[in-house]
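Undergrad: Input: one structure, supplied below.
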Amino acid sequence: MADFLEIEDVSRHFRNIRAVDHVSLTVRKGEFYSLLGPSGCGKTTLLRMLAGFERPDTGRIRLDGRDITDLPPHKRTVNTIFQNYALLPHLTVRQNIAFGLQVQKKMPRKEIDEAVDRMLSLVQLESQADKKPGLLSGGQKQRVAVGRALILQPQVLLLDEPLAALDLKLRQKMLMELDLIHDQVGITFIYVTHDQGEAMSLSDRIAVMNNGRIEQVGKPAEIYEAPRSSFVAAFIGDTNFFEGQVLELVGDEYSRLNISGFADLVCFNDKKISAGNPVFLSIRPEKFHIGRNRPELSPKHNIVRGRVEDIIYLGGMTKYWVQAEGHKISITRQHSRFFLDEEPIRWNDDVWVWWHADDGFMLERYSEADENLVSLPPDASGTAETAQ
Amino acid sequence: MTGGRKNGEWAVTAPTFVWLTLLFVIPTFLVFTIVFKPSDPYGGIGSGWTLRTLFSLGNPNYPAILWRTAWLSALTTALCLALAVPTGYCMARTDRRFRNTLLLLVIIPFMTSFLVRIFAWKVLLHPEGLIKRGLVLLGLAHSDTSLLYTPGAVLLVMVYTSLPFAILPVFAAAEKFDFHLIEAARDLGATHAGAFFRVFIPGISRALFTSVLVVLIPCLGSYVIPDVVGGPNSEMLGNKIAQRTFSDRNLPHASGLSAILTLAVLIPMVWVVLSQRKRETGGGGSILKDIV
Ligand SMILES: Nc1ncnc2c1ncn2[C@@H]1O[C@H](COP(=O)(O)OP(=O)(O)O)[C@@H](O)[C@H]1O
Ligand SMILES: [Mg+2]
């Protein structure tokens, strides 16, 4: 499908802050596209440039083949769900939803009324139609904001952390509603969030942002399974970082690595990093296996010996921190079944930790700062916070 | 239901009630009573009751003065709002550091006596004054026309003295106004002007009402300004009341004029508040709560 929304080399700075730094993205028609990144990384600024509230310092924005970079907000066929909804407090729900059609004077009053009625039923607010926004719950306000934007049939709907103001249960409910609405209306959604769970569950594609730049763009699974940078690996889900060196290539896709303390490891190396080069490896906690006895393993597996330092039981799973040759490895295991006769792993047990060569992922970019995003054992996290 | 709760409410509203009674209800009541008293030759109030004053209020000169008082005050209010709204909007949108300076500039005139400022205008508007000579120099006025002692001069000085009172409520509301709402309106297709009139103005409507009251009411009763910069053709009701009190020493007559003024303010206000209360069954209190 052709690129529908093109963001080309767009930058925006505020005094000495580079809020958005040479960002290029393309979004397809009808796509649910997420901008995911920590607070302050420039997501809102990028969105505001799409809506027309900020002018980019450099770059162009094209929508459906038309350059909209210099168009004022009211001339763009783009609508926004604001972070705090920004409902007009002096108007009722019905008037809020009708507002756009009324100011644009696109249709006679009777048609506006009909369109508003249809929208009220789509966002399930018929019974609240004559209330002022001040009397609505968080979820209802959000629905008004959605209805008010969708009634204009925008080409792109921009959503700036629309669920951030809601509590957890409601957030999950609204998440499903948004997904449903997206399927019904087929409009392109650009969804800004700092919550990886939201982005993962809704998006067709995700652009991960950090410090005003795009770190990686991909499907949720790509982002999670094949992170390119240490930031992506640590910000989305949890991970372990290992620093090492390539010893030799093994076959087409694998290589042998030297990581201090461990015997030679075998690792997937699709990037063909040649021998002698330093590498940074990311391995997700759930990719590790842990056991008291050494299992039979294929040559594509790596195994190291360690001692359990910390265990947290989380109900659905258990988190272990294992000290192995100077590395602190975080491991999570799901309990598929609880064996009464099996002796559980305890603190200070000596254990084997093993993983498949394909489960380690070599990073293209590594920054030490991203170590702070990795979860730490409970005793260590206190000291880490004070150190910041 | 319980007596305790009733007593509690009483305790909370009692100070307001006492204040209103002492400073508003009793004086107003006195003014209205004096209308029905005869005047005595020494400028006091005689004994007994009479309706003579009431009939004498039918003086053929009064309608013109009343009308002038009304339109001068209304025009002053309108001009003040027209100036205060953009001023308050701009002040609220300027950088926080600069905002306090602007606020200070608005308040500075209060540091000089009201009378001094009015006399300063007299100097400025005087035939030999700066403004007059400037206008003549620019060919905008003939050297024979008088700026002083006209309704225009009264209007100008009334706007000047009332403007800060109109700006302050607007500024206070604009500072609290959520400007994201303007962006939301723009996002939904409103132009700059559309967003301003459909979102900003309704958003500060209470402050506008406050501004109207604090400008209009003093204007209706003003007498120093028309006295100093106005002439015989710009006399207002306040001047007449002063004249009846100090020159004619006819207190009942002055009271009659004051009563007219009070009713002229009170009746529309009660009407506005009542209709407001009817409309706002859902949220918020009455507008007057913000003011009182
Ligand atoms: N109007 C502004 N003036 C100054 N700095 C701003 C402004 N808007 C955003 N910034 C700065 O730009 C950076 C990115 O902000 P923002 O786009 O809001 O991030 P996000 O939405 O990802 O949290 C932040 O450092 C923020 O402080
Ligand atoms: Mg933001």
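The values are calculated or read from the model by the stated rules, or taken from the named source; none is laboratory data. Here the structure is a predicted model, which means the values were calculated and not measured. We place every Cβ from the backbone using ideal geometry, glycine too, and count neighbours over all the protein chains shown. Remember, those area values only see protein heavy atoms, side chains included, never the ligands or the DNA or RNA. Shrake-Rupley method; radii C 1.70, N 1.55, O 1.52, S 1.80 Å.
Undergrad: With Cβ to Cβ distances under 15 Å as the rule, what net charge do the other residues near A:GLU111 carry (K, R +1; D, E -1)?
TA: +3
Undergrad: Applying the Karplus parametrisation 6.51 cos²θ - 1.76 cosθ + 1.60 with θ = phi - 60° to the phi angles of the range A:117-130, what ³J(HN,Hα) value in whole Hz is obtained for each residue in order, glycine and proline being reported as x?
TA: The phi angles translate into 4, 4, 5, 4, 6, 4, 9, 6, 10, 3, 6, 9, 3, 9 Hz.
Undergrad: Please tell me the relative contact order of the range A:1-82 in percent, rounded to the nearest whole number, where contacts are Cα pairs under 8 Å and at least six residues apart.
TA: 33
Undergrad: Extension gain B:HIS142-B:LEU103, at 0.36 nm per residue separation less the Cα-Cα distance, in nm?
TA: 10.3 nm
Undergrad: What spacing in nm lies between the two simple spin-label points modelled at A:LEU135 and A:GLN95, each 7 Å away from Cα in the Cβ direction?
TA: 1.3
Undergrad: A further question on this structure: List the residues whose amide H sits under 5 Å from the amide H of A:TYR366, counting only those 5 or more places along or on another chain, with H placed 1.01 Å from N in the peptide plane.
TA: A:SER230
Undergrad: Here is a follow-up. Leaving ligands, DNA and RNA out of it, work out the accessible area of B:MET111 with a 1.4 Å probe and give it in Å² to the nearest 10.
TA: That residue has around 140 Å² of solvent-accessible surface.
Undergrad: Where in the range B:20-51 does the amide nitrogen come within less than 12 Å of the point 7 Å from the Cα of B:ARG249, taken along Cα to Cβ?
TA: B:40-45
Undergrad: OK, next. Angle check, please: helix A:378-387 long axis (alpha carbons) against the longest principal axis of chain A (alpha carbons), in degrees 0 to 90, nearest 10.
TA: Rounded to the nearest ten degrees, it is 70.
Undergrad: Full extension from B:LEU54 to B:TRP67: what is 0.36 nm times the residue separation minus their Cα-Cα distance, to one decimal in nm?
TA: Details: separation 13, 0.36 × 13 = 4.68 nm, distance 1.92 nm.
Taking B:LEU54 through B:TRP67 to full extension adds about 2.8 nm, to one decimal.
Undergrad: Sticking with this structure for a sec: Helix-derived [θ] at 222 nm for chain A: sum -39500 (n - 2.57) over DSSP H runs of at least 4, divide by residue count, nearest 500? If you can, show how the numbers build up before the last one.
TA: Numbers: 9 runs with 95 residues, N = 388.
So the helix-based figure for chain A works out to -7500 deg cm²/dmol.
Undergrad: Apply 1/(1 + (r/R0)^6) to the Cβ-Cβ distance of A:MET176 and A:LYS271, taking R0 = 35 Å, and write down the FRET efficiency to the nearest 0.05.
TA: With a Förster radius of 35 Å, E is 0.40.
Undergrad: What size of dipole, in debye to the nearest 20, comes out for the protein assembly as shown about its Cα centre when the only charges are +1 on Lys and Arg C-beta atoms and -1 on Asp and Glu C-beta atoms?
TA: Around 3720 debye, computed over the protein assembly as shown.
Undergrad: OK, next. What does the net charge come to around A:SER375 if you take all other residues with beta carbon closer than 10 Å to its beta carbon, with K and R at +1 and D and E at -1?
TA: That sum, taken over residues with Cβ under 10 Å, equals 0.
Undergrad: Given R₀ = 22 Å, FRET efficiency for B:ILE260-B:PHE114 by Cβ-Cβ distance, to 0.05?
TA: 0.35
Undergrad: What net charge is computed for the residues neighbouring A:LEU152, neighbours being all others with C-beta under 10 Å from the C-beta of A:LEU152, Lys and Arg scored +1, Asp and Glu -1?
TA: On the way: positive: A:LYS106, A:ARG148; negative: B:ASP187.
Result for the neighbourhood of A:LEU152: +1.
Undergrad: Also: Evaluate the charge dipole of the range A:230-384 about its Cα centre and quote only its size in Debye, nearest 20, assuming +1 on the Cβ of each Lys and Arg and -1 on the Cβ of each Asp and Glu.
TA: 140
Undergrad: Scanning chain A for GluC sites (Glu not before Pro) in DSSP loops with at most 10 other Cβ atoms within 10 Å, what's the longest stretch left with none?
TA: In short, A:1-295.
Undergrad: Right, next: Considering only A:HIS182, A:LEU163, A:ILE68, whose Cα is most displaced toward the positive end of the charge dipole of chain A, charges sitting on Cβ of Lys, Arg (+1) and Asp, Glu (-1)?
TA: About the Cα centre, the residue reaching furthest to the positive side is A:ILE68.
Undergrad: Still on this model: Hey, what number do you get for chain B at 222 nm if only DSSP H runs of n ≥ 4 count, each worth -39500 (n - 2.57), divided across all residues, to the nearest 500?
TA: After summing the helix terms and dividing by residue count, I get -21500 deg cm²/dmol.
Undergrad: How big is the dipole moment of the range A:3-225 about its Cα centre under a simple scheme where the beta carbon of each Lys and Arg is +1, that of each Asp and Glu is -1, and everything else is neutral? Debye, nearest 20, please.
TA: 800
Undergrad: Here is a follow-up. Which ³J(HN,Hα) values, rounded to whole Hz and listed in residue order, are derived for the range A:190-195 from phi using the Karplus coefficients 6.51, -1.76 and 1.60 in 6.51 cos²θ - 1.76 cosθ + 1.60 with θ = phi - 60°, glycine and proline given as x?
TA: Computed from phi, the couplings for the range A:190-195 are 10, 10, 9, 7, 9, 9 Hz.
Undergrad: Which one, A:LEU257, A:HIS327, A:VAL308, is farthest towards the positive end of the dipole of the range A:230-384 when Lys and Arg carry +1 and Asp and Glu -1 on their Cβ?
TA: Farthest towards the positive pole: A:VAL308.
Undergrad: Taking DSSP loops as anything outside H, G, I, E and B, show the longest stretch in chain B free of GluC sites (Glu not before Pro) there with at most 15 other beta carbons within 10 Å. Mind dumping the intermediate values first?
TA: Working: sites that count: B:GLU128, B:GLU280.
Value returned for the longest uninterrupted segment is B:129-279.
Undergrad: Between A:PRO38, A:ALA145, A:ILE214, whose Cα lies farthest towards the positive end of the dipole of chain A when Lys and Arg beta carbons carry +1 and Asp and Glu beta carbons carry -1, centred on the Cα centre?
TA: A:ALA145
Undergrad: Name the longest site-free stretch of chain A, where the excluded sites are trypsin sites (Lys or Arg not before Pro) in a DSSP loop with no more than 15 other beta-carbon atoms within 10 Å.
TA: In chain A, the maximal stretch lacking such sites is A:107-270.
Undergrad: Something else: Over chain A, what relative contact order in percent results from Cα pairs under 8 Å that are six or more residues apart? Could you put the intermediate results ahead of the total?
TA: Working: 761 pairs, mean separation 56.6, N = 388.
About 15 percent, as a whole number.
Undergrad: How far is helix A:138-150 tilted, in degrees, relative to the longest principal axis of the Cα atoms in chain A, given as a value from 0 to 90 rounded to the nearest 10?
TA: The angle comes out at about 60 degrees.
Undergrad: Right, next: So how far, in whole Å, is the C-alpha centre of the range A:236-265 from the one of the range A:57-120?
TA: For the range A:236-265 versus the range A:57-120, the Cα centre distance is 52 Å.
Undergrad: Restricting to the range A:3-225, what percent of DSSP beta bridges are antiparallel, rounded to 5? Walk me through the numbers before you get to the answer.
TA: Numbers: 20 of 38 bridges.
In the range A:3-225, approximately 55 percent of DSSP beta bridges are antiparallel ones.
Undergrad: Something else about it: Quick check: Cα centre of the range A:281-329 to Cα centre of the range B:108-187, how many Å?
TA: 79
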